[in-house]
Amino acid sequence: MDPYAAQKSDKFSFGLWTVGNAGRDPFGEPVRAVQEPNYLVRKLAECGAYGVNLHDNDLVPFGASRTERDRIVREFKQTLKDTGMVVPMATTNLFTHPIFKDGAFSANDPKVRAFALQKTMASIDLGVELGAKIYVFWGGREGTEADACRDPRVAIQRTRAAMDFLCGYVKDQGYDLKFALEAKPNEPRSENYFPTTGHMLHFISTLQHHEMVGVNPEVAHEVMAGLSFVHTVAQAMEANKLFHIDLNGQKIGRYDQDLRFGSEDIKGSFLLVRLLEGTCGGKSYTGPKHFDAHAYRTEDESGVWDFAKGCMRTYKLLAARANAFDSDPEIKALIAEVKDAHLDPLLNASYSRASAQALKAAPIDATAVAKRGLGYERLDQLTIEHIMGARGL
Ligand code: GCO
Ligand code: MN
Ligand code: MN
């Protein structure tokens, strides 16, 4: 059996909008037929995915009647049952309909804000009915071009009011659902509010029910902002706030490219998988591994499944390499923690006048310490060799 073929136990998921992407871009028409959701679920199951995520309108068209909605949901549930697929995450489309041209929760028009809440509550009901345990909020068009149109502090306050309200709704319904907030610096707006995961992490700490709200960082979005995705994810994990993750590939300084996972920045992707899998130590990430990306516009349908299988296969190849890397004795020696019998107890002591005095008095020969080479050239070369398969496996 191919050890790198995806299994349900790997917990890989795709959005209906990802493998369903028909290849439309701002300059061109769709190049592929729009596929029906039940068909996409069956194909994803064949590829080895365990889950499928959706926006309300990926499944139920905007404005569908209650009867129509119920029929669509009934059929979709049957497909999930037949294929053993789950819906780990759901979200709301708050960006396609023209009513959202100035955002949703932060919009100046109260009718827009009220409509956004109505739509989100209905979409939460749908997600929960399909079994979702995570509900993602991506800002979509929450942002500006003419920045004087509203005080950005008011945009933050309106978003907080919406989150507090929706957390209240989930609790009142008795739903077992957590929220995951997804940051993006720009696109489609010129400036988006809450541009990075770091902004989101602070914002969450100001929410009424902060314990049920975490983050959904996306590779492309942090890279667009020029940030290290590994450090972003590490901070979210350290805060116990990594509730979900959007994996893809991205070149720095471009529009959101949604490339196949691992197709760009192979070293960053390796270090990310190593962190998520916990081969470097610490808690691993056990949630769904969601690929928020799509096939190149050059592809026909078979290219779409090459894309989907490629995302999962690359993740598994990197996980195997991360495991070999962290089992390599030379790597272990290079990254072993530096011990100092005299200083370690002083550094570990909590503050007191006595511990401050002791630390002030500790003799440290700065020149001698500075002379020591750290071996990071060797470490990084070995990292490259593991990634390239010249070492390890
Ligand atoms: C984007 C975003 C979206 C969201 C999705 C789920 O840049 O378009 O990444 O794909 O992740 O809408 O909320
Ligand atoms: Mn994106
Ligand atoms: Mn995303």
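Looking across the stretch 344-393, the residues that are over 28 Å from PRO329 (Cα atoms), charged (D, E, K, R) and in a helix (DSSP H, G or I) come down to ARG353, LYS360. Scanning the stretch 199-247 for residues being touching a strand residue (DSSP E or B) at 6+ places or on another chain (Cβ under 6 Å) and polar (S, T, N, Q) gives a total of 1.
Restricting the first member to the stretch 190-204 and to residues that are in contact (Cβ under 8 Å) with a residue 60 or more places away in the chain, and the second to residues that are among the acidic types (Asp, Glu) and outside any strand (DSSP E or B), the beta-carbon pairs closer than 7 Å and six or more apart or on different chains are TYR193/GLU142.
Residue-wise test of (1) within 16 Å of ligand 3 (Cβ to nearest atom); (2) basic (Lys, Arg).
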residue: TYR175; (1), (2): no, no
residue: LYS178; (1), (2): no, yes
residue: ARG189; (1), (2): yes, yes
residue: THR197; (1), (2): yes, no
residue: SER205; (1), (2): no, no
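Is it the case, given these coordinates, that ALA362 is touching a residue at least 12 places away in the same chain (Cβ under 8 Å), surrounded by 11 or more Cβ atoms within 10 Å (Cβ to Cβ), over 29 Å from the mean Cα position of the chain (by Cα) and outside the structural domain of PHE12 (by TED's automatic domain parsing)?
Numbers: touching a residue at least 12 places away in the same chain (Cβ under 8 Å): yes; surrounded by 11 or more Cβ atoms within 10 Å (Cβ to Cβ): yes; over 29 Å from the mean Cα position of the chain (by Cα): yes; outside the structural domain of PHE12 (by TED's automatic domain parsing): yes.
Answer is yes for this residue.
Looking only at the stretch 188-235, count every residue that is under 19 Å from MET163 (Cα atoms) and in a helix (DSSP H, G or I) and tell me the total. Selection size over the stretch 188-235: 12. Among the candidates THR232, THR206, THR279, the residue that is assigned by TED's automatic domain parsing to the domain that holds TYR50, within 11 Å of the chain's Cα centre (by Cα) and among the β-branched types (Val, Ile, Thr) is uniquely THR232.
Residues of the stretch 255-276 that are surrounded by fewer than 19 Cβ atoms within 10 Å (Cβ to Cβ) and in a helix (DSSP H, G or I): ILE266, LYS267, GLY268. Return yes when GLY262 is within 16 Å of ligand 3 (Cβ to nearest atom) and among the small types (Gly, Ala, Ser) and no when it is not. For GLY262, the condition - within 16 Å of ligand 3 (Cβ to nearest atom) and among the small types (Gly, Ala, Ser) - is not met. The sole residue among PHE14, PHE76, PHE105, PHE95 that is buried (at least 18 other Cβ atoms within 10 Å of the Cβ), touching a Lys or Arg at 6+ places or on another chain (Cβ under 7 Å) and among the aromatic types (Phe, Trp, Tyr) is PHE105.
Just one of the listed residues (GLU187, GLU222, GLU182) is within 16 Å of ligand 2 (Cβ to nearest atom) and surrounded by fewer than 17 Cβ atoms within 10 Å (Cβ to Cβ), and it is GLU187.
Check the stretch 314-333 and report whether any residue there is within 16 Å of ligand 3 (Cβ to nearest atom), buried (at least 19 other Cβ atoms within 10 Å of the Cβ) and either modelled with pLDDT under 95 or under 18 Å from the mean Cα position of the chain (by Cα) (or both). Explain how you work it out, then say what you get.
Residues of the stretch 314-333 that are within 16 Å of ligand 3 (Cβ to nearest atom), as a first pass: none.
No, the stretch 314-333 contains no residue that is within 16 Å of ligand 3 (Cβ to nearest atom), buried (at least 19 other Cβ atoms within 10 Å of the Cβ) and either modelled with pLDDT under 95 or under 18 Å from the mean Cα position of the chain (by Cα) (or both).
Scanning the stretch 9-32 for residues that are of a type in the set (Lys, Arg) and closer than 22 Å to TRP138 by Cβ, we see that the one that is nearest to ligand 2 (Cβ to nearest atom) is ARG24. Going through (1) out of contact with any helix residue (DSSP H, G or I) (no Cβ under 6 Å at 6 or more places or on another chain); (2) within 12 Å of ligand 1 (Cβ to nearest atom) one by one, GLN250 falls short only on (1).
The set of residues in the stretch 131-140 being away from ligand 3 (no atom under 16 Å from the Cβ) and either among the basic types (Lys, Arg) or touching a residue at least 60 places away in the same chain (Cβ under 8 Å) (or both) consists of LYS133 alone.
Within the stretch 317-328, the presence of a residue that is within 16 Å of ligand 1 (Cβ to nearest atom), in contact with a Ser or Thr (Cβ under 7 Å, 6 or more places away or on another chain) and within 27 Å of ASP380 (Cβ to Cβ) is excluded.
Has the stretch 161-178 got at least one residue that is within 16 Å of ligand 2 (Cβ to nearest atom), in a loop (DSSP other than H, G, I, E, B) and either modelled with pLDDT of 95 or more or surrounded by 15 or more Cβ atoms within 10 Å (Cβ to Cβ) (or both)? Scanning the stretch 161-178 turns up no residue that is within 16 Å of ligand 2 (Cβ to nearest atom), in a loop (DSSP other than H, G, I, E, B) and either modelled with pLDDT of 95 or more or surrounded by 15 or more Cβ atoms within 10 Å (Cβ to Cβ) (or both).
Annotation note: Cβ proximity below 6 Å between a residue of the stretch 15-42 that is farther than 12 Å from ALA295 by Cβ and a residue that is among the polar types (S, T, N, Q) and not in a helix (DSSP H, G or I) (sequence gap 6+ or interchain) occurs for GLY15/ASN53. Which number in (1) under 17 Å from GLY51 (Cβ atoms); (2) part of a helix (DSSP H, G or I); (3) away from ligand 1 (no atom under 16 Å from the Cβ) marks the one condition that GLY127 misses? Only one criterion in (1) under 17 Å from GLY51 (Cβ atoms); (2) part of a helix (DSSP H, G or I); (3) away from ligand 1 (no atom under 16 Å from the Cβ) is unmet by GLY127, namely (3).
Looking only at the stretch 50-73, count every residue that is surrounded by fewer than 12 Cβ atoms within 10 Å (Cβ to Cβ) and in contact with a Leu (Cβ under 8 Å, 6 or more places away or on another chain) and tell me the total. So the count comes out to 0.
The values are calculated or read from the model by the stated rules, or taken from the named source; none is laboratory data. For clarity, every value in this text was computed on a predicted model and none was experimentally measured. Quick reminder, even Gly has a Cβ in these numbers, built from the backbone with ideal geometry, and neighbours come from all protein chains shown.
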